[in-house]
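Engineer: The structure under discussion is supplied below as structure tokens; questions concerning it will follow.
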Amino acid sequence: MTVQTTDDAVLGGRLRLVQPKRGHRVGHDAILLAAATEAQAGERAIDLGAGVGAAGLALAHRVPGLNIDLVEIDAELCALAAENARRNGLEGRVRAMVADVTDARALSAAGIVTGAADRVLMNPPFNDPRVHQLSPDLRRRRAHAGHSTLLDSWSVAAHRLLKSGGVLTLIWRADPRDEVIATIAVRFGSIDIMPVLPSADAPAIRILVRAVKDAAPETRDFAPLVLNDAAGKPTREAEAVLRGAEPLLFSEKS
């Protein structure tokens, strides 16, 4: 199947991404995920369910010297991710590979070493097909909806890939916050939570989660990121992350 694509700018034009014209499109979630992922030069990160590579490439752009593997089950999206790495001059540090996130043998065959990653970031399909209307578009449906045990199976994969002390960063719907924490806490210790609010007086729509492998058990709630002010315009903090390519700092609640 030939994919019709568009050529789009993200991060205030700092990245150019080719992506499918129809179906799932790159949005705020991928950029927020990258911004919330702390990383340093010389480390290795793995972007699980990378799609066309938006989150991993945004992270690679922000952190020179960081090496990133983009893992995507859809071969055509994976090919676009590889092309996006090339066209943004990041192919020397970014690899794209076709594999099922939950298939340990496939990941190993692709050259991903168990227990060697410093960072894993992931934006799993988080809509429950039992309660959310599904898109008729196969790619959009695969990107947005997953079975009830999907987060558990992806967290198993992340735990397996990370070294001791490595950090998992993920973005998820805000409504099942306690369920997310309970699932992640089975395998990870320290867990940090940052809500994402569309406006200061609205309920959270997303949560950003950071969890450390082999850390002492602890759950901490951090101040939310508010996307829009009372006039409906992007806040300074949101603009800095979504357009300015700045990291998203987790700050203690006042």
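Engineer: Which distance in Å, rounded to a whole number, links the C-alpha centroids of segment 6-45 and segment 192-248?
Structural biologist: Taking the Cα centre of each part, segment 6-45 and segment 192-248 sit 17 Å apart.
Engineer: Moving on. Can you tell me how segment 1-106 classifies by the Cα gyration tensor, rounded, prolate or oblate, using a/c under 1.5 as the rounded cut?
Structural biologist: It is oblate, given that a/c is not under 1.5 and a/b is not larger than b/c.
Engineer: Calculated from DSSP H runs of 4 or more alone, at -39500 (n - 2.57) each and per residue, what is the 222 nm mean residue ellipticity of the chain, nearest 500?
Structural biologist: -8000 deg cm²/dmol
Engineer: Something else now. With unit charges on the beta carbon (Lys/Arg positive, Asp/Glu negative), name the residue among Thr169, Ala35, Ala110 whose Cα is farthest towards the positive pole of the charge dipole of the chain.
Structural biologist: It is Ala110, whose Cα lies furthest towards the positive end.
Engineer: From the backbone phi of segment 216-226, what are the Karplus-calculated ³J(HN,Hα) couplings (6.51 cos²θ - 1.76 cosθ + 1.60, θ = phi - 60°) in whole Hz, Gly and Pro given as x?
Structural biologist: Per-residue couplings from phi come out as 5, x, 6, 10, 10, 9, 10, 4, x, 8, 9 Hz.
Engineer: Hey, another quick one. Considering the options His159, Ala99, Ser148, tell which one lies farthest towards the positive end of the dipole of the chain, charges being +1 on Lys and Arg and -1 on Asp and Glu at the Cβ, about the Cα centre.
Structural biologist: Ala99
Engineer: Further question: How big is the dipole moment of segment 53-132 about its Cα centre under a simple scheme where the beta carbon of each Lys and Arg is +1, that of each Asp and Glu is -1, and everything else is neutral? Debye, nearest 20, please.
Structural biologist: So the dipole magnitude of segment 53-132 works out to roughly 280 debye.
Engineer: Here's something else I'd like to know. Using a/c under 1.5 as the rounded threshold, could you call segment 53-123 rounded, prolate or oblate? The axes a ≥ b ≥ c are square roots of the C-alpha gyration tensor eigenvalues, and prolate needs a/b larger than b/c, oblate otherwise.
Structural biologist: oblate
Engineer: Is there a quick way to get the dipole size of the chain? I mean about its Cα centre, with the Cβ of Lys and Arg at +1 and of Asp and Glu at -1; what is the value in debye to the nearest 20?
Structural biologist: Roughly 480 debye for the chain.
Engineer: Output needed: percent of Cα pairs per 5 Å distance bin for segment 169-254, bins running from 0 to the one holding the longest distance.
Structural biologist: That works out to 3, 14, 23, 24, 18, 10, 6, 2, 0, in percent per bin.
Engineer: While we're looking at this one, here's another question. Extension gain Ala223-Thr149, at 0.36 nm per residue separation less the Cα-Cα distance, in nm?
Structural biologist: 23.8 nm
Engineer: Could you calculate the FRET efficiency of Lys163 with Asp103 from 1/(1 + (r/R0)^6), where r is the beta carbon distance between them and R0 is 22 Å, rounded to 0.05?
Structural biologist: It comes to 0.60.
Engineer: So, one more: List the residues, sorted by chain then number, that are 5 or more residues from Ser199 or on another chain and whose placed amide H is less than 5 Å from its amide H.
Structural biologist: Here the answer is Leu227, Asn228, since their amide H atoms fall under 5 Å of that of Ser199.
Engineer: Where does the chain land on Rg(C-alpha)/(2.2 N^0.38 Å)?
Structural biologist: Working it through for the chain, the quotient is 0.94.
Where a number appears in this text, it was derived from the coordinates with a stated rule and is not lab data. The structure presented is a predicted model; accordingly, all values stated were derived computationally and were not measured. Because the Cβ atoms are built from the backbone with ideal geometry, glycine has one as well, and the counts that use them run over all protein chains shown.
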